[in-house]
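I have placed the structure first, in the form of C-alpha coordinates, so that the comments after it can refer back to it.
The values are calculated or read from the model by the stated rules, or taken from the named source; none is laboratory data. Fair warning: this is a prediction, and the values are worked out from it, not measured in the lab. When we count neighbours, we look across all protein chains shown, and the Cβ atoms used for this are built from the backbone with ideal geometry, even at glycine. These accessible areas exclude ligands, DNA and RNA; they are computed on the full protein's heavy atoms, side chains included. Shrake-Rupley method; radii C 1.70, N 1.55, O 1.52, S 1.80 Å.
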Amino acid sequence: MSNIDEAKKRVRAQYGENKKILDGDYDKSLAVKCVNGTFVGREINGVIAYKGMPFTGRPPVGEFRWKAPVDVVPDDGVYEAYYNAKSPRQNESASEEGSLYFQSEDCLYLDIWKAAGGAAKKPVMVWIHGGAFEMGGTADPLYECSNFVKENPDVIAVSIEYRLNVFGFFHLSHLPDGADYPDAQNLGLMDQMASLKWIHENISNFGGDSDNVTIFGESAGAGSVTLLPLVKGSHEYFQRVIAQSGSPVFTRSTEQAIACTNELMEILGCKTVADLQKVDADKLVEKSAVLSLRVWPERDGNFLPLDPYAAYANGAAKDIDIIQGCNKDEVNYFVYGFGVEPYNTWGAGRREMKLAQLTDEEKALVESFCKDIKGESYEHTSRLFDQIVFIAPLFRLSENQTSAGGKSYTYYFTPESSLPIMRSGHAVELSTVLNNPQNTIFTGRKFDETFSKTLRKMWVQFAKTGNPSLSAEISPDSKAKTWPLYDNENKNVMVFDEFDIHAEKESARKILDWERTYFLTKYYCI
(Lines give C-alpha, C1' and ligand atoms only; values in the text may rest on other atoms or scores of the structure.)
Protein backbone atom coordinates (compact mmCIF):
# COMPACT_ATOMS: atom_id res chain seq x y z
CA MET A 1 0.00 0.00 0.00
CA SER A 2 1.38 3.44 -0.96
CA ASN A 3 1.93 6.22 1.57
CA ILE A 4 -1.00 8.13 0.08
CA ASP A 5 -3.28 5.09 0.31
CA GLU A 6 -2.27 4.54 3.93
CA ALA A 7 -2.89 8.18 4.79
CA LYS A 8 -6.20 8.13 2.93
CA LYS A 9 -7.35 5.04 4.84
CA ARG A 10 -6.40 6.60 8.19
CA VAL A 11 -8.07 9.93 7.47
CA ARG A 12 -11.25 8.47 5.99
CA ALA A 13 -11.67 6.17 8.98
CA GLN A 14 -12.71 9.32 10.89
CA TYR A 15 -15.52 10.07 8.47
CA GLY A 16 -19.20 10.01 9.28
CA GLU A 17 -22.16 11.73 7.70
CA ASN A 18 -24.31 14.22 9.57
CA LYS A 19 -28.00 13.34 9.51
CA LYS A 20 -31.27 15.03 10.30
CA ILE A 21 -32.55 14.18 13.78
CA LEU A 22 -36.19 13.19 13.47
CA ASP A 23 -37.07 11.65 16.84
CA GLY A 24 -36.18 14.54 19.14
CA ASP A 25 -33.63 12.38 20.94
CA TYR A 26 -30.61 14.64 21.33
CA ASP A 27 -28.79 16.58 24.04
CA LYS A 28 -30.52 19.96 24.14
CA SER A 29 -27.54 21.49 25.96
CA LEU A 30 -25.40 20.87 22.87
CA ALA A 31 -27.96 22.23 20.39
CA VAL A 32 -27.71 25.69 18.85
CA LYS A 33 -30.47 27.23 16.76
CA CYS A 34 -29.31 28.98 13.59
CA VAL A 35 -31.12 30.54 10.65
CA ASN A 36 -30.88 27.35 8.59
CA GLY A 37 -31.49 24.78 11.31
CA THR A 38 -30.66 23.67 14.82
CA PHE A 39 -27.25 21.98 15.01
CA VAL A 40 -26.21 19.51 17.69
CA GLY A 41 -22.52 19.26 18.53
CA ARG A 42 -20.35 16.97 20.62
CA GLU A 43 -18.42 17.78 23.78
CA ILE A 44 -14.97 16.28 24.30
CA ASN A 45 -12.68 17.36 27.15
CA GLY A 46 -14.61 20.54 27.83
CA VAL A 47 -14.74 21.72 24.20
CA ILE A 48 -17.91 21.52 22.13
CA ALA A 49 -17.36 21.03 18.41
CA TYR A 50 -20.00 21.66 15.75
CA LYS A 51 -18.83 20.24 12.45
CA GLY A 52 -20.09 20.19 8.88
CA MET A 53 -22.68 22.99 9.13
CA PRO A 54 -23.84 24.40 5.77
CA PHE A 55 -23.50 28.14 5.24
CA THR A 56 -25.31 28.36 1.89
CA GLY A 57 -28.82 27.51 0.75
CA ARG A 58 -27.86 25.26 -2.16
CA PRO A 59 -24.76 23.18 -2.85
CA PRO A 60 -22.74 24.39 -5.87
CA VAL A 61 -23.46 21.31 -7.97
CA GLY A 62 -25.23 20.64 -11.27
CA GLU A 63 -26.61 23.86 -12.69
CA PHE A 64 -25.08 25.76 -9.73
CA ARG A 65 -21.52 24.75 -10.63
CA TRP A 66 -19.63 28.02 -11.28
CA LYS A 67 -22.45 30.06 -9.78
CA ALA A 68 -22.25 32.47 -6.84
CA PRO A 69 -23.14 30.98 -3.45
CA VAL A 70 -26.83 31.06 -2.60
CA ASP A 71 -27.95 32.50 0.73
CA VAL A 72 -29.33 30.13 3.36
CA VAL A 73 -33.07 29.66 3.79
CA PRO A 74 -34.85 29.38 7.17
CA ASP A 75 -35.11 25.81 8.44
CA ASP A 76 -36.70 24.49 11.63
CA GLY A 77 -35.06 21.08 11.31
CA VAL A 78 -32.57 19.61 13.79
CA TYR A 79 -29.30 18.25 12.43
CA GLU A 80 -26.24 16.42 13.69
CA ALA A 81 -23.04 18.47 13.56
CA TYR A 82 -20.71 15.64 14.50
CA TYR A 83 -18.53 15.17 11.43
CA ASN A 84 -16.44 17.22 9.04
CA ALA A 85 -18.03 17.84 5.68
CA LYS A 86 -16.45 16.43 2.56
CA SER A 87 -13.44 18.35 1.33
CA PRO A 88 -13.59 20.48 -1.84
CA ARG A 89 -12.68 18.69 -5.07
CA GLN A 90 -8.91 18.64 -5.56
CA ASN A 91 -5.90 16.54 -6.45
CA GLU A 92 -4.82 14.17 -3.70
CA SER A 93 -1.52 15.01 -2.03
CA ALA A 94 0.21 13.31 0.86
CA SER A 95 1.26 16.70 2.24
CA GLU A 96 -2.27 18.12 2.49
CA GLU A 97 -4.38 15.67 4.50
CA GLY A 98 -7.58 17.56 3.77
CA SER A 99 -7.21 16.36 0.19
CA LEU A 100 -7.23 12.73 1.35
CA TYR A 101 -10.68 13.04 2.87
CA PHE A 102 -13.82 12.17 0.93
CA GLN A 103 -14.38 14.94 -1.61
CA SER A 104 -17.39 16.58 -3.23
CA GLU A 105 -18.38 19.67 -5.14
CA ASP A 106 -20.92 19.97 -2.31
CA CYS A 107 -18.35 21.42 0.08
CA LEU A 108 -19.60 24.72 1.52
CA TYR A 109 -19.59 23.94 5.22
CA LEU A 110 -17.90 25.20 8.37
CA ASP A 111 -16.87 23.97 11.83
CA ILE A 112 -17.11 25.77 15.18
CA TRP A 113 -15.34 25.09 18.48
CA LYS A 114 -16.33 26.65 21.81
CA ALA A 115 -15.51 25.95 25.43
CA ALA A 116 -18.38 24.46 27.41
CA GLY A 117 -20.00 27.10 29.60
CA GLY A 118 -18.38 30.48 30.09
CA ALA A 119 -19.34 34.01 29.19
CA ALA A 120 -21.17 35.16 26.09
CA LYS A 121 -19.88 37.57 23.44
CA LYS A 122 -16.47 35.97 23.07
CA PRO A 123 -14.10 37.13 20.32
CA VAL A 124 -14.35 34.96 17.21
CA MET A 125 -11.37 33.70 15.20
CA VAL A 126 -12.17 32.37 11.72
CA TRP A 127 -9.52 30.13 10.14
CA ILE A 128 -9.19 30.01 6.33
CA HIS A 129 -6.98 27.13 5.23
CA GLY A 130 -4.20 27.31 2.68
CA GLY A 131 -3.17 25.00 -0.14
CA ALA A 132 -2.40 27.33 -3.09
CA PHE A 133 -6.16 27.69 -3.75
CA GLU A 134 -5.87 24.09 -5.00
CA MET A 135 -5.81 21.86 -1.91
CA GLY A 136 -6.99 21.59 1.68
CA GLY A 137 -10.13 21.34 3.73
CA THR A 138 -11.45 21.54 7.28
CA ALA A 139 -10.90 17.78 7.64
CA ASP A 140 -7.13 18.16 7.72
CA PRO A 141 -6.17 17.32 11.34
CA LEU A 142 -3.61 20.11 11.19
CA TYR A 143 -6.55 22.55 11.24
CA GLU A 144 -8.40 20.96 14.16
CA CYS A 145 -9.04 23.73 16.70
CA SER A 146 -10.11 21.83 19.82
CA ASN A 147 -6.69 22.16 21.50
CA PHE A 148 -6.55 25.83 20.54
CA VAL A 149 -9.89 26.53 22.24
CA LYS A 150 -9.16 24.34 25.26
CA GLU A 151 -6.04 26.43 25.91
CA ASN A 152 -7.86 29.69 25.09
CA PRO A 153 -11.48 29.22 26.25
CA ASP A 154 -12.14 32.94 26.00
CA VAL A 155 -12.38 32.77 22.17
CA ILE A 156 -14.51 30.83 19.70
CA ALA A 157 -12.77 29.26 16.70
CA VAL A 158 -14.31 28.66 13.28
CA SER A 159 -12.86 26.87 10.24
CA ILE A 160 -14.43 27.26 6.80
CA GLU A 161 -14.29 25.59 3.40
CA TYR A 162 -14.48 27.16 -0.04
CA ARG A 163 -14.35 26.02 -3.66
CA LEU A 164 -10.85 25.34 -4.95
CA ASN A 165 -9.00 25.18 -8.24
CA VAL A 166 -11.16 25.49 -11.37
CA PHE A 167 -14.32 25.01 -9.32
CA GLY A 168 -13.58 28.22 -7.40
CA PHE A 169 -11.36 30.29 -9.70
CA PHE A 170 -12.13 29.81 -13.40
CA HIS A 171 -12.73 32.68 -15.80
CA LEU A 172 -15.70 31.86 -18.04
CA SER A 173 -17.34 35.12 -19.11
CA HIS A 174 -15.28 35.33 -22.34
CA LEU A 175 -16.81 32.10 -23.67
CA PRO A 176 -19.76 32.20 -26.13
CA ASP A 177 -22.24 31.32 -23.38
CA GLY A 178 -20.18 32.77 -20.53
CA ALA A 179 -22.34 35.82 -19.79
CA ASP A 180 -24.32 33.75 -17.28
CA TYR A 181 -21.14 33.06 -15.29
CA PRO A 182 -19.85 36.53 -14.36
CA ASP A 183 -18.50 35.46 -10.96
CA ALA A 184 -16.69 32.22 -11.78
CA GLN A 185 -13.23 33.76 -11.51
CA ASN A 186 -13.60 34.56 -7.79
CA LEU A 187 -16.15 32.08 -6.44
CA GLY A 188 -13.80 30.78 -3.76
CA LEU A 189 -13.59 34.25 -2.21
CA MET A 190 -17.35 34.67 -2.59
CA ASP A 191 -17.78 31.42 -0.67
CA GLN A 192 -15.61 32.85 2.09
CA MET A 193 -17.77 35.97 2.16
CA ALA A 194 -20.89 33.81 2.38
CA SER A 195 -19.41 31.95 5.35
CA LEU A 196 -18.58 35.24 7.08
CA LYS A 197 -22.15 36.43 6.54
CA TRP A 198 -23.47 33.20 8.11
CA ILE A 199 -21.09 33.63 11.04
CA HIS A 200 -22.18 37.25 11.50
CA GLU A 201 -25.84 36.22 11.60
CA ASN A 202 -25.48 33.13 13.81
CA ILE A 203 -22.35 33.22 15.96
CA SER A 204 -24.02 35.03 18.86
CA ASN A 205 -26.10 31.88 19.41
CA PHE A 206 -22.84 30.02 20.08
CA GLY A 207 -21.70 32.70 22.52
CA GLY A 208 -19.61 34.68 20.06
CA ASP A 209 -19.41 38.42 19.48
CA SER A 210 -20.41 39.17 15.89
CA ASP A 211 -18.77 42.58 16.20
CA ASN A 212 -15.37 41.19 17.21
CA VAL A 213 -14.27 38.80 14.48
CA THR A 214 -10.70 38.10 13.36
CA ILE A 215 -10.05 36.24 10.13
CA PHE A 216 -6.75 34.40 9.95
CA GLY A 217 -5.10 32.01 7.57
CA GLU A 218 -1.88 30.71 6.09
CA SER A 219 -0.61 30.66 2.49
CA ALA A 220 -3.70 30.87 0.24
CA GLY A 221 -5.63 31.46 3.45
CA ALA A 222 -3.38 34.44 4.17
CA GLY A 223 -3.81 35.67 0.61
CA SER A 224 -7.56 35.38 1.16
CA VAL A 225 -7.63 37.34 4.41
CA THR A 226 -5.63 40.18 2.81
CA LEU A 227 -7.98 40.29 -0.19
CA LEU A 228 -11.28 40.10 1.70
CA PRO A 229 -10.86 43.59 3.24
CA LEU A 230 -10.90 44.93 -0.35
CA VAL A 231 -14.30 43.35 -1.10
CA LYS A 232 -17.26 45.72 -0.96
CA GLY A 233 -19.27 45.29 2.24
CA SER A 234 -16.79 42.94 3.90
CA HIS A 235 -15.91 45.16 6.86
CA GLU A 236 -19.29 44.45 8.40
CA TYR A 237 -18.17 40.88 9.02
CA PHE A 238 -14.68 41.21 10.54
CA GLN A 239 -12.48 43.77 12.24
CA ARG A 240 -9.03 42.15 12.25
CA VAL A 241 -6.76 40.08 10.01
CA ILE A 242 -3.85 37.73 10.69
CA ALA A 243 -2.01 36.75 7.51
CA GLN A 244 0.62 34.02 7.78
CA SER A 245 2.82 33.79 4.68
CA GLY A 246 0.44 35.21 2.12
CA SER A 247 -0.70 38.49 0.57
CA PRO A 248 -2.39 39.99 -2.53
CA VAL A 249 0.59 38.72 -4.53
CA PHE A 250 -1.45 35.50 -4.81
CA THR A 251 -3.65 36.91 -7.58
CA ARG A 252 -3.64 36.98 -11.36
CA SER A 253 -4.79 39.34 -14.08
CA THR A 254 -7.81 38.76 -16.29
CA GLU A 255 -5.51 38.04 -19.22
CA GLN A 256 -3.66 35.38 -17.23
CA ALA A 257 -6.93 33.85 -16.05
CA ILE A 258 -8.33 33.67 -19.59
CA ALA A 259 -5.11 32.06 -20.83
CA CYS A 260 -5.43 29.35 -18.18
CA THR A 261 -9.07 28.72 -19.08
CA ASN A 262 -8.27 28.47 -22.78
CA GLU A 263 -5.40 26.07 -22.08
CA LEU A 264 -7.64 23.72 -20.13
CA MET A 265 -10.51 24.07 -22.62
CA GLU A 266 -8.22 22.89 -25.40
CA ILE A 267 -7.07 19.89 -23.35
CA LEU A 268 -10.69 18.97 -22.61
CA GLY A 269 -11.88 19.60 -26.15
CA CYS A 270 -14.52 22.05 -24.92
CA LYS A 271 -15.75 25.22 -26.62
CA THR A 272 -18.48 26.46 -24.27
CA VAL A 273 -19.54 26.40 -20.64
CA ALA A 274 -22.25 23.98 -21.68
CA ASP A 275 -19.50 21.63 -22.83
CA LEU A 276 -17.69 22.07 -19.52
CA GLN A 277 -20.84 21.29 -17.55
CA LYS A 278 -20.83 17.83 -19.14
CA VAL A 279 -17.32 17.08 -17.86
CA ASP A 280 -17.39 15.16 -14.60
CA ALA A 281 -15.54 16.44 -11.56
CA ASP A 282 -12.90 13.69 -11.61
CA LYS A 283 -11.81 14.63 -15.11
CA LEU A 284 -11.77 18.35 -14.31
CA VAL A 285 -9.54 17.66 -11.31
CA GLU A 286 -7.24 15.40 -13.32
CA LYS A 287 -6.79 17.67 -16.32
CA SER A 288 -6.54 20.91 -14.35
CA ALA A 289 -3.26 19.68 -12.83
CA VAL A 290 -1.55 21.36 -15.79
CA LEU A 291 -2.50 24.71 -14.22
CA SER A 292 -0.82 24.00 -10.87
CA LEU A 293 0.26 27.14 -9.00
CA ARG A 294 -1.43 29.33 -11.61
CA VAL A 295 -5.02 29.18 -10.32
CA TRP A 296 -5.49 32.30 -8.21
CA PRO A 297 -8.18 34.88 -7.45
CA GLU A 298 -8.53 37.37 -10.28
CA ARG A 299 -7.90 41.09 -10.14
CA ASP A 300 -11.01 41.64 -12.22
CA GLY A 301 -11.73 45.29 -11.35
CA ASN A 302 -15.14 44.25 -10.10
CA PHE A 303 -15.06 41.93 -7.11
CA LEU A 304 -11.37 42.65 -6.53
CA PRO A 305 -9.51 45.85 -7.44
CA LEU A 306 -7.13 45.87 -10.39
CA ASP A 307 -4.35 46.97 -8.04
CA PRO A 308 -4.79 45.63 -4.48
CA TYR A 309 -1.66 47.39 -3.22
CA ALA A 310 -2.96 50.75 -4.41
CA ALA A 311 -6.27 49.99 -2.71
CA TYR A 312 -4.42 49.48 0.57
CA ALA A 313 -2.37 52.63 0.02
CA ASN A 314 -5.58 54.56 -0.61
CA GLY A 315 -7.06 53.43 2.71
CA ALA A 316 -9.42 50.64 1.65
CA ALA A 317 -8.51 48.68 4.79
CA LYS A 318 -7.31 51.40 7.14
CA ASP A 319 -10.02 50.51 9.68
CA ILE A 320 -8.90 46.85 9.74
CA ASP A 321 -6.10 45.92 12.16
CA ILE A 322 -3.57 43.54 10.61
CA ILE A 323 -0.90 41.10 11.76
CA GLN A 324 1.14 39.76 8.88
CA GLY A 325 4.41 37.96 8.49
CA CYS A 326 6.40 35.20 6.88
CA ASN A 327 8.89 32.45 7.66
CA LYS A 328 12.65 32.67 7.17
CA ASP A 329 13.02 30.00 4.47
CA GLU A 330 9.55 29.84 2.89
CA VAL A 331 10.44 28.25 -0.44
CA ASN A 332 12.38 25.40 1.17
CA TYR A 333 8.94 23.82 1.65
CA PHE A 334 8.76 23.38 -2.12
CA VAL A 335 12.34 22.11 -2.38
CA TYR A 336 11.53 19.54 0.30
CA GLY A 337 8.23 18.59 -1.33
CA PHE A 338 9.46 18.36 -4.93
CA GLY A 339 12.93 16.96 -4.24
CA VAL A 340 16.06 18.94 -5.10
CA GLU A 341 16.45 18.03 -8.77
CA PRO A 342 12.76 18.33 -9.72
CA TYR A 343 12.65 21.61 -7.82
CA ASN A 344 15.72 22.93 -9.64
CA THR A 345 14.09 22.17 -13.00
CA TRP A 346 10.76 23.71 -11.95
CA GLY A 347 12.45 26.69 -10.27
CA ALA A 348 14.58 27.46 -13.31
CA GLY A 349 11.46 27.53 -15.47
CA ARG A 350 9.62 29.84 -13.08
CA ARG A 351 12.67 32.10 -12.84
CA GLU A 352 12.84 32.44 -16.62
CA MET A 353 9.10 33.15 -16.73
CA LYS A 354 9.60 35.95 -14.22
CA LEU A 355 12.68 37.39 -15.95
CA ALA A 356 10.76 37.54 -19.23
CA GLN A 357 8.42 40.09 -17.64
CA LEU A 358 11.21 42.45 -16.62
CA THR A 359 13.04 45.32 -18.24
CA ASP A 360 16.76 44.90 -18.91
CA GLU A 361 17.57 47.07 -15.91
CA GLU A 362 15.29 45.00 -13.66
CA LYS A 363 16.78 41.74 -14.97
CA ALA A 364 20.24 43.01 -14.07
CA LEU A 365 19.11 43.69 -10.49
CA VAL A 366 17.63 40.20 -10.12
CA GLU A 367 20.69 38.55 -11.62
CA SER A 368 22.90 40.54 -9.27
CA PHE A 369 20.81 39.36 -6.32
CA CYS A 370 21.04 35.71 -7.40
CA LYS A 371 24.78 35.96 -7.99
CA ASP A 372 25.31 36.91 -4.35
CA ILE A 373 23.42 33.85 -3.05
CA LYS A 374 25.68 31.16 -1.64
CA GLY A 375 24.85 27.58 -0.72
CA GLU A 376 23.19 24.54 -2.25
CA SER A 377 22.08 24.28 -5.87
CA TYR A 378 18.51 25.23 -5.04
CA GLU A 379 19.41 28.34 -3.03
CA HIS A 380 19.54 30.78 -5.96
CA THR A 381 15.91 30.33 -6.94
CA SER A 382 14.54 29.57 -3.47
CA ARG A 383 15.97 32.75 -1.96
CA LEU A 384 14.82 34.77 -4.98
CA PHE A 385 11.28 33.42 -4.69
CA ASP A 386 11.33 34.00 -0.93
CA GLN A 387 11.70 37.65 -1.87
CA ILE A 388 9.22 37.71 -4.77
CA VAL A 389 6.40 35.68 -3.26
CA PHE A 390 6.65 36.32 0.48
CA ILE A 391 9.07 38.94 1.78
CA ALA A 392 8.69 41.86 -0.64
CA PRO A 393 4.86 41.62 -0.68
CA LEU A 394 4.85 41.48 3.12
CA PHE A 395 6.72 44.74 3.45
CA ARG A 396 4.88 46.46 0.63
CA LEU A 397 1.57 45.69 2.32
CA SER A 398 2.92 46.89 5.67
CA GLU A 399 4.15 50.10 4.04
CA ASN A 400 0.86 50.73 2.21
CA GLN A 401 -1.36 49.98 5.20
CA THR A 402 0.75 52.25 7.40
CA SER A 403 0.85 55.07 4.84
CA ALA A 404 -2.95 55.02 4.71
CA GLY A 405 -3.22 55.45 8.47
CA GLY A 406 -3.99 51.81 9.24
CA LYS A 407 -2.35 49.48 11.74
CA SER A 408 0.04 46.74 10.73
CA TYR A 409 1.95 44.45 13.08
CA THR A 410 4.65 42.66 11.12
CA TYR A 411 6.55 39.49 12.09
CA TYR A 412 9.37 37.19 10.99
CA PHE A 413 9.26 33.51 12.07
CA THR A 414 12.61 31.66 12.36
CA PRO A 415 12.32 28.27 14.20
CA GLU A 416 13.50 25.43 12.00
CA SER A 417 12.06 22.04 11.17
CA SER A 418 14.18 18.96 11.82
CA LEU A 419 13.22 17.62 8.39
CA PRO A 420 16.01 17.68 5.79
CA ILE A 421 16.12 20.86 3.68
CA MET A 422 12.87 22.27 5.17
CA ARG A 423 14.49 24.66 7.68
CA SER A 424 12.01 27.46 8.54
CA GLY A 425 9.94 26.72 5.46
CA HIS A 426 6.40 27.47 4.44
CA ALA A 427 3.80 26.05 6.87
CA VAL A 428 6.21 25.14 9.69
CA GLU A 429 4.33 27.44 12.08
CA LEU A 430 0.92 25.84 11.54
CA SER A 431 1.04 23.18 14.25
CA THR A 432 2.26 25.82 16.69
CA VAL A 433 -0.41 28.41 15.87
CA LEU A 434 -3.32 25.94 16.02
CA ASN A 435 -1.89 23.99 18.96
CA ASN A 436 -1.47 20.62 17.30
CA PRO A 437 2.16 19.89 18.27
CA GLN A 438 1.64 16.18 17.70
CA ASN A 439 1.25 16.92 13.99
CA THR A 440 4.87 17.13 12.86
CA ILE A 441 4.25 16.72 9.12
CA PHE A 442 6.08 19.99 8.38
CA THR A 443 8.21 20.38 11.50
CA GLY A 444 9.60 16.92 12.19
CA ARG A 445 9.59 17.91 15.87
CA LYS A 446 7.74 19.89 18.51
CA PHE A 447 8.74 23.49 19.04
CA ASP A 448 9.42 24.81 22.53
CA GLU A 449 6.22 24.77 24.58
CA THR A 450 6.59 28.21 26.15
CA PHE A 451 7.46 29.76 22.81
CA SER A 452 4.41 28.13 21.24
CA LYS A 453 2.04 29.25 24.00
CA THR A 454 3.39 32.78 23.75
CA LEU A 455 2.81 32.99 20.01
CA ARG A 456 -0.76 31.72 20.41
CA LYS A 457 -1.38 34.11 23.27
CA MET A 458 -0.32 37.01 21.05
CA TRP A 459 -2.72 35.87 18.31
CA VAL A 460 -5.56 35.63 20.85
CA GLN A 461 -4.70 38.93 22.52
CA PHE A 462 -4.80 40.60 19.11
CA ALA A 463 -8.20 39.04 18.41
CA LYS A 464 -9.49 40.31 21.74
CA THR A 465 -8.03 43.82 21.74
CA GLY A 466 -6.42 44.67 18.39
CA ASN A 467 -2.98 44.77 20.03
CA PRO A 468 -0.88 41.57 20.26
CA SER A 469 1.44 42.86 22.97
CA LEU A 470 1.46 40.89 26.24
CA SER A 471 1.82 42.18 29.76
CA ALA A 472 3.94 40.18 32.18
CA GLU A 473 0.75 39.04 33.93
CA ILE A 474 -0.60 37.21 30.88
CA SER A 475 2.65 36.27 29.13
CA PRO A 476 3.39 32.51 29.42
CA ASP A 477 6.97 33.20 30.51
CA SER A 478 5.89 36.06 32.83
CA LYS A 479 7.88 38.54 30.75
CA ALA A 480 6.18 41.41 28.95
CA LYS A 481 6.26 41.32 25.15
CA THR A 482 5.79 44.68 23.43
CA TRP A 483 5.04 44.41 19.72
CA PRO A 484 5.47 47.82 18.08
CA LEU A 485 3.35 48.91 15.18
CA TYR A 486 5.11 48.89 11.83
CA ASP A 487 6.16 52.38 10.77
CA ASN A 488 7.71 53.34 7.47
CA GLU A 489 10.80 54.85 9.05
CA ASN A 490 11.91 52.25 11.61
CA LYS A 491 10.26 49.24 9.92
CA ASN A 492 10.00 47.30 13.19
CA VAL A 493 9.16 43.61 13.07
CA MET A 494 8.51 41.07 15.82
CA VAL A 495 11.07 38.30 15.40
CA PHE A 496 9.81 34.91 16.55
CA ASP A 497 13.10 33.23 17.44
CA GLU A 498 12.30 30.03 19.32
CA PHE A 499 14.00 31.13 22.54
CA ASP A 500 13.95 34.89 22.08
CA ILE A 501 10.77 36.60 20.89
CA HIS A 502 11.69 40.24 20.42
CA ALA A 503 11.18 43.32 18.26
CA GLU A 504 13.91 44.70 16.02
CA LYS A 505 14.30 46.85 12.94
CA GLU A 506 14.14 45.09 9.58
CA SER A 507 17.54 46.56 8.76
CA ALA A 508 19.14 44.59 11.59
CA ARG A 509 18.60 41.34 9.67
CA LYS A 510 18.28 42.73 6.16
CA ILE A 511 15.21 40.58 5.60
CA LEU A 512 14.28 42.37 2.38
CA ASP A 513 16.59 43.46 -0.44
CA TRP A 514 14.92 46.83 -0.93
CA GLU A 515 16.91 47.78 -4.02
CA ARG A 516 17.00 44.51 -5.95
CA THR A 517 13.69 42.76 -5.17
CA TYR A 518 11.13 45.16 -3.66
CA PHE A 519 10.12 46.45 -7.09
CA LEU A 520 9.09 42.91 -8.12
CA THR A 521 5.81 43.23 -6.21
CA LYS A 522 4.36 45.03 -9.22
CA TYR A 523 4.54 41.74 -11.14
CA TYR A 524 2.64 39.64 -8.57
CA CYS A 525 3.25 35.90 -8.26
CA ILE A 526 3.01 34.79 -11.88
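Is it fair to say residue 237 is closer than 18 Å to residue 62 by Cα and hydroxyl-bearing (Ser, Thr, Tyr)? So residue 237 does not fit the description; no.
The residues in the stretch 23-60 that are more than 19 Å from residue 191 (Cβ to Cβ), open to solvent by 70 Å² or more (accessible area, probe 1.4 Å) and either part of a strand (DSSP E or B) or touching a residue at least 12 places away in the same chain (Cβ under 8 Å) (or both) can be counted, and the count is 6.
If the condition is being open to solvent by 50 Å² or more (accessible area, probe 1.4 Å) and in contact with a helix residue (DSSP H, G or I) (Cβ under 9 Å, 6 or more places away or on another chain), then the stretch 276-288 contributes 277, 283, 287. Among the residues making up the stretch 11-22, those that are open to solvent by less than 100 Å² (accessible area, probe 1.4 Å) and of a type in the set (A, V, I, L, M) are 11, 13, 21.
For the stretch 250-274, a residue qualifies if it is open to solvent by 20 Å² or more (accessible area, probe 1.4 Å) and free of Cβ contacts under 8 Å to residues at least 24 places away in the same chain, and the qualifying residues are 255, 259, 262, 266, 267, 268, 269. Of the strands (runs of 3 or more DSSP E) lying entirely inside the stretch 104-207, those containing at least 3 residues that are at pLDDT 95 or above and over 18 Å from the mean Cα position of the chain (by Cα) span 109-115. Do you know which residues across the stretch 338-384 are over 18 Å from residue 516 (Cβ atoms) and among the β-branched types (Val, Ile, Thr)? Once the filter is applied, which keeps residues that are over 18 Å from residue 516 (Cβ atoms) and among the β-branched types (Val, Ile, Thr), the stretch 338-384 yields 340, 345. If you check 417, 424, 408 for being over 30 Å from residue 318 (Cβ atoms), touching a residue at least 24 places away in the same chain (Cβ under 8 Å) and in contact with a strand residue (DSSP E or B) (Cβ under 9 Å, 6 or more places away or on another chain), only one passes: 424. Candidates are the residues of the stretch 403-446 that are part of a helix (DSSP H, G or I) and under 23 Å from residue 501 (Cα atoms); the one that is nearest to the chain's Cα centre (by Cα) is 430.
Could you tell me whether the stretch 182-189 includes any residue that is surrounded by 24 or more Cβ atoms within 10 Å (Cβ to Cβ) and touching a Pro at 6+ places or on another chain (Cβ under 6 Å)? The answer is yes, given that some residue of the stretch 182-189 is surrounded by 24 or more Cβ atoms within 10 Å (Cβ to Cβ) and touching a Pro at 6+ places or on another chain (Cβ under 6 Å). Tell me, yes or no, whether the stretch 451-459 has at least one residue that is open to solvent by 30 Å² or more (accessible area, probe 1.4 Å), outside any strand (DSSP E or B) and at negative phi. Yes, the stretch 451-459 contains a residue that is open to solvent by 30 Å² or more (accessible area, probe 1.4 Å), outside any strand (DSSP E or B) and at negative phi.
With the stretch 222-314 as the region, which helices (runs of 4 or more DSSP H) entirely inside it contain at least 2 residues that are closer than 30 Å to residue 463 by Cβ?
308-313
Going by what's in this entry, would residue 362 be described as assigned to a helix (DSSP H, G or I) and open to solvent by less than 60 Å² (accessible area, probe 1.4 Å)?
Yes: the conditions hold for residue 362.
Evaluated against (1) within 20 Å of residue 524 (Cβ to Cβ); (2) open to solvent by less than 40 Å² (accessible area, probe 1.4 Å), residue 323 falls short on exactly one condition, (1). Among the residues in the stretch 374-397, are any part of a loop (DSSP other than H, G, I, E, B), touching a residue at least 40 places away in the same chain (Cβ under 8 Å), of a type in the set (D, E, K, R) and within 30 Å of residue 311 (Cα to Cα)? For the stretch 374-397, residues part of a loop (DSSP other than H, G, I, E, B), touching a residue at least 40 places away in the same chain (Cβ under 8 Å), of a type in the set (D, E, K, R) and within 30 Å of residue 311 (Cα to Cα): absent. The set of residues in the stretch 225-259 being under 24 Å from residue 326 (Cβ atoms) and small (Gly, Ala, Ser) consists of 234, 243, 245, 246, 247, 253. Within the stretch 321-343, the set of residues being over 20 Å from residue 456 (Cα atoms) and in contact (Cβ under 8 Å) with a residue 40 or more places away in the chain comprises 329, 330, 331, 332, 333, 334, 335, 336, 337, 340. Tell me, which residue of the stretch 501-526 that is touching a helix residue (DSSP H, G or I) at 6+ places or on another chain (Cβ under 9 Å) and open to solvent by 40 Å² or more (accessible area, probe 1.4 Å) is nearest to residue 394 (Cα to Cα)? Restricting to residues being touching a helix residue (DSSP H, G or I) at 6+ places or on another chain (Cβ under 9 Å) and open to solvent by 40 Å² or more (accessible area, probe 1.4 Å), the top hit is 518.
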